[in-house]
Structures are given as C-alpha cells and as structure tokens.
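Peer 1: The structure that follows is given in the form of structure tokens.
The values are calculated or read from the model by the stated rules, or taken from the named source; none is laboratory data. Since this is a predicted model, take the numbers as computed values, not measurements. Cβ atoms come from the backbone with ideal geometry, glycine included; neighbour counts cover every protein chain shown. The protein model used for the area step is the full one, side chains on, heavy atoms only, and it has no ligands, DNA or RNA in it. Shrake-Rupley method; radii C 1.70, N 1.55, O 1.52, S 1.80 Å.
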Amino acid sequence: MLSLRLKMKLNNKTLSQITVKKPDYDRGEVSPGIVHLGIGGFHRAHLAVTVDNLLAKEPDWGIIGASLRSCATADALNPQHGLYTLIEKSEAGVAYRVIASVLEVIAACDNGEQLLAKMIDPAIRIVSLTVTEKGYCHDPDTAELNLEHPDILADLASPESPRSAPGFLVEALRRRRDNGDKPFTVLSCDNLPSNGRVCRQVVLALAGQLDTGLADWIEARVSFPCTMVDRIVPATTDVDRRLLTEQTGISDHWPVVTEAFSQCVVEDDFCVGRPAFECHNIQMVSDVAAFETMKLRLLNGSHSALAYLGSLAGYETVAQAMQDNQLVQFIESLMGQELAPTLNMPTDIDLKEYQSQLLKRFRNPGLQHQLLQIATDGSQKLPQRILSPIRERLSQGLPIPRLARCIAGWIAFISCRDGTGFRFPLRDPLGDEMRQQVMAAGAAPVNQVKSILSLQSVFGDLAASEELFEAVIRQFHDISGAK
Ligand code: CS2
C-alpha cells in the first residue's frame, strides 16, 4: 500500500534499504577514471548506466560529473552522494533502478579549479562530454571554432580559468603536458556529425591560438573517438518525482526518466585505455559515420520536424503529436522518401525496420517528451539534421518538399504570433537575433522567410539558394494557411 511506504532519502546510508534494482558492487571500492562534462539527463541515462554495469568488474572507472553552467545538478546530487534513480518507461510498464557510478558532481561555474584538479589527475583516462551542440562554441555550418564566441573570448583572455568546454579541455591538457603526464581520451557523446572530429577541431583551434606547441602535442597524443549515442530522455518533472516516491518509497531530487531502448556505437580509439565497453552492449567499430548520420537524420531530423510542426498544430508532447495521422504520415514520408535515400548503410542494417522502430519509440505514451524541449537550439541542430540532406539532394537534382517543410515549420515557429506577442518561447543562442530579423522583416511571408534563410552561420552556401527559398516559401504558405 502506497500510504504505508516509508519515504527514504537516497544516499549511501540508505542504499542498503532500497528495494529496487541497485548496484552489485561496493561503492567504497570504486575510484574515478572518467570526468564527464555536462552531466545532464542524457549522460545519466546512458554512459553512466553503462559504467554502472561494468564497475563490479572494473571499479577504477567511476565518474566525476561536472556542470559548466548551473549548480542545480551538483546541489541535488551531492547530498545523495551522486546516487539517482533511472526510471525506464516502456510498453511493459515502469522499471526503477538506482545508479551509483557518479561519485560526485562539480559545479564548474563556481569551482573551475576543482574541476581542473580532477581533470589533471592521471587516474582520469577519459573525459567525456554531453554539452549540447552549442557547447562546442563552433559555427554550425562550418564546424569551426567561433573565435568571437563570448566564452572563447574569455578563455583566450584567461586560459587558466576557463569557461567553455573546449577551454577546460585545453587547459587540462596543457597542465598534463607540463606535468609530464599522459593525456586523456576526449569522448564526445553529443548529437553532432563526426562529434569527435568537431571536438578535436575546436580544441586544436583554441590551443593553437594560445600555444602552438600545445596544439601539436594534442594533435599527436590525444584521441577523440566519434560516437553515436541514442536514448530519448525527456526532462524530469515533479510528477515523476512524486510517483517515484509513491511507488518505491525513494525520495530522489534528481531522477532520470527514459525509454527502454538504448544504443551506443563508439570508434575504438582510446589513447590511454578504456573499459571493456564491448561487454556492455556498446558497439565498438572503426568508423561510426554511417550510424551517426542515420540517427541524426532519421531520429533527430524527425524529432525536429515534430517539434515545430507539432507545436504549430497545438500539441505539447511527441506522443500527442504522434496521434495525429497527418503528422505521422508526414514523418513517415520525410524519413522514407527524403532522408533514408541519403544514407549509405552497412548491409546488415535494416533501415525500414529502424524507421518503424522510431515511430514506435516516438509513440511511447509514458515519456511525456515536450516538443518545446526538442525545439530548443534549432539554429544549432537543423544544419546536421535537415540542411545537410537538403544540400545533398539539391546537388543531385532531387526534390525536397518535406525537408523544406521542416525549415518552413521552424521559421513559422520563430515568427508565429498570437494576441500577446510571439506564440512560442525561443531558446536558442541566435534567438534574439532571429526574432529581431523577423520583426524587421514585417508581416510579408516572403520577407520573414528570407530574413531567416539569410543567416550565414546556419545556412552557409544554402543562404543563397533560390531553390531552397522557393521550396520553403511554398511550404510556409501552406503551413500559414493551415494554421
Ligand atoms: C532530441 C534529442 O532534443 C532533441 O533535439 O532530438 O535529444 C533526442 O531525444 C536524442 O538524441 C535521442 O537519442
């Protein structure tokens, strides 16, 4: 009976009394081997779970988490000694599991030096990252470091007290080199094409501005494997926390909600060793590019399409939008007609099966995945999800009506107004600039579309494409007429 359950705060002392699935190893034996930058839900539902699976055999791979922007995760998780509950929602119901691989969390905005001290400890052999697309401080079109980014300017002015993720990596690697120590592997787990290579490029560019010898050392000694990491992780809500307590007795400030599905493909290139990931459902390969492009276009591209078109249609969550037959048909044909044909997959991958599995995952009613969560940072996400396939198809003379509709949906999402002002909140590093552009453009749809398509850092060569403009404006009229 729910009301009879005792409410128990999650921490090392109460762990033995927790009745849900929990670690099969002694936490006292675990020592850190990984520093993770950007310890949000995505990491805690993914790499941290894999590490939890392997700590019984390899206890020297514990995780020190770091948040570069906010103190919230550190404030919630440290009193729980890093413990948190993974809430897995699937057709089979809800499964709970306590994850113990995170040993501590550092809020780097207040304690940068503490984070650097951990990063230069030679016991740390991997520094992994989920800092989102914008955390790489690069130009989304060219993937080059943006030397005018405020955080990069700050890091160039005082490299010893960095602010950005590339800044922390460069400074930690500099100190390791100066100490005569080995470097660490940098493992990017973000949704970027060739994420390892992008990360390497921004790190080398920043290091090169500061100390060319350091850039050479990093180039020669540090590996930056690419990864494809996939698991849908909606933001946790108070309702999730309450239900967790009601159903398990666990009082946890920072649980993570996710689906049962999980996939990870990693390039096997680790300069100072790695855990036996291959024994824990991670596919170790020599090249992840095909997997990465498949996921970025079919999953993330469809997600972005649902986020903008679904929000415009009045839905709040992915599962709700997936109840709309017209939208589902659109997503199916976007994937099948315009995205899948751009992919070149190994023969053992069944793309049709992958697409139907995605539709099923999107329908998961347990997840409550907010469309507005996915709609954030469109300027950083759409280049790899939608614009790269557009570029490829246009160069082959192929039609792009559905891909153009995604861009038109994004522009409509940015510019759409209701009685009181803009209809949707816009969380995007270029948000203010884009809103100013559409306001300056006035009410004419042609000008609104042009104002966004002219963003060079997002559209690159496509900014000048008449074909893209024509295709987008047609869809924009269609969407506006349908609203
Ligand atoms: C989503 C991703 O928010 C978004 O942009 O498309 O976070 C997506 O849920 C994950 O990549 C799934 O692996």
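Peer 1: Add +1 for every Lys or Arg and -1 for every Asp or Glu among the other residues with Cβ under 13 Å from the Cβ of residue 31, and state the total. Please list the in-between numbers first.
Peer 2: Numbers: positive: 27, 118, 125; negative: 26, 29, 58, 60, 104, 121.
Summing Lys and Arg as +1 and Asp and Glu as -1 gives -3.
Peer 1: When only C-alpha pairs under 8 Å and at least 6 residues apart count, what is the relative contact order of the chain, in percent?
Peer 2: Relative contact order of the chain: 14 percent.
Peer 1: Could I ask something else about it? On a 19 Å Cα-Cα criterion, which of the cross-link pairs 295/360; 13/57; 118/182 come out too long? Please list the in-between numbers first.
Peer 2: Numbers: 295/360 15 Å; 13/57 23 Å; 118/182 14 Å.
Over 19 Å Cα-Cα: 13/57.
Peer 1: Would you be so kind as to identify which of 262, 206, 128 lies farthest towards the positive end of the dipole of the stretch 4-285, taking Lys and Arg as +1 and Asp and Glu as -1 on Cβ and the Cα centre as origin?
Peer 2: Sorting the options by dipole projection puts first 262.
Peer 1: For the stretch 4-285, with only Lys/Arg (+1) and Asp/Glu (-1) charged at the beta-carbon, what is the dipole magnitude about the Cα centre, in debye rounded to 20?
Peer 2: Magnitude of the dipole: close to 960 debye.
Peer 1: Each residue of the stretch 63-69 in turn: what ³J(HN,Hα) in whole Hz from Karplus with 6.51, -1.76, 1.60 and θ = phi - 60°, glycine and Pro shown as x?
Peer 2: Ordered by residue, 3J(HN,Hα) equals 10, 9, x, 9, 10, 8, 10 Hz.
Peer 1: Continuing with this model, one more query. Can you tell me the dipole magnitude for the stretch 42-145 around its Cα centre, using point charges on the Cβ only (Lys, Arg +1; Asp, Glu -1), in Debye to the nearest 20?
Peer 2: Around 320 debye, computed over the stretch 42-145.
Peer 1: Here's something else I'd like to know. Find the accessible area per residue for the chain; the probe is 1.4 Å, ligands and nucleic acids are left out, and the unit is Å². Mind showing how you got there, number by number?
Peer 2: Working: 19960 Å² over 483 residues.
Heavy-atom accessible area per residue stands at 41 Å².
Peer 1: I'd like the FRET efficiency for residue 90 and residue 21, computed as 1/(1 + (r/R0)^6) with the beta carbon distance as r and R0 of 22 Å, rounded to 0.05.
Peer 2: The computed FRET efficiency comes out at 0.90.
Peer 1: Here's something else I'd like to know. Contour minus end-to-end for residue 268 and residue 31, with contour as 0.36 nm per residue of separation and end-to-end as the Cα-Cα distance?
Peer 2: Details: separation 237, 0.36 × 237 = 85.32 nm, distance 2.33 nm.
Gain on extension, residue 268 to residue 31, equals 83.0 nm.
Peer 1: How would you rank 101-112, 138-149, highest first, on the average number of other Cβ atoms within 10 Å across their residues?
Peer 2: 101-112, 138-149
Peer 1: Farthest toward the dipole's positive end in the stretch 289-480, which of 439, 320, 477, given Cβ charges of +1 (Lys, Arg) and -1 (Asp, Glu) about the Cα centre?
Peer 2: Value: 320.
Peer 1: Using the charge dipole of the stretch 378-473 (Lys, Arg: +1 at Cβ; Asp, Glu: -1 at Cβ; taken about the Cα centre), state which of 394, 407, 460 has its Cα farthest towards the positive end.
Peer 2: Comparing the listed Cα positions along the dipole, 407 ranks first.
Peer 1: Carbon and sulfur atoms: what percent of the 1.4 Å accessible area of the chain do they account for?
Peer 2: 49 percent
Peer 1: Any chance you could run the full-extension gain for residue 253 through residue 220? It's 0.36 nm times the residue separation minus the Cα-Cα distance, nm to one decimal.
Peer 2: The span from residue 253 to residue 220 would gain 7.6 nm if fully extended.
Peer 1: By how many nm would the segment from residue 289 to residue 75 lengthen if fully extended, with 0.36 nm per residue of separation less the alpha-carbon distance?
Peer 2: Between residue 289 and residue 75, full extension yields 73.3 nm more.
Peer 1: Applying 1/(1 + (r/R0)^6) with R0 = 45 Å to the Cβ-Cβ distance of residue 357 and residue 157, what FRET efficiency is obtained, to the nearest 0.05?
Peer 2: Plugging the Cβ-Cβ distance into 1/(1 + (r/R0)^6) gives 0.40.
Peer 1: Check residue 138: other-chain or 5+ apart residues with amide H under 5 Å from its amide H, H built from backbone geometry?
Peer 2: 146
Peer 1: In the stretch 247-266, which residues have a backbone nitrogen under 17 Å from the label point lying 7 Å from residue 348's Cα in the Cα-to-Cβ direction?
Peer 2: 263-266
Peer 1: Please give the charge dipole size of the chain, origin at the Cα centre, charges +1 on K and R Cβ atoms and -1 on D and E Cβ atoms. Round to the nearest 20 debye.
Peer 2: Value, rounded to 20: 1200 debye.
Peer 1: Jot down the radius of gyration and Dmax of the stretch 259-361, Cα atoms only, both in angstrom.
Peer 2: Gyration radius and largest Cα-Cα distance of the stretch 259-361: 16.1, 51 Å.
Peer 1: Based on the mean of other Cβ atoms within 10 Å per residue, sort peptides 183-194, 313-324 so the most packed one is first.
Peer 2: Listed from highest to lowest mean packing, they are 183-194, 313-324.
Peer 1: Okay, next question. Report P(r) for the chain: all Cα-Cα distances, bin width 20 Å, range 0 to the bin holding the largest distance, values in whole percent.
Peer 2: Calculated over all Cα pairs of the chain, the distribution is 23, 55, 21, 0 percent.
Peer 1: What shape does the stretch 289-480 take by its C-alpha gyration tensor, where a ≥ b ≥ c are the square roots of the eigenvalues and a/c under 1.5 counts as rounded, a/b above b/c as prolate, and the rest as oblate?
Peer 2: It comes out oblate by the Cα gyration axes.
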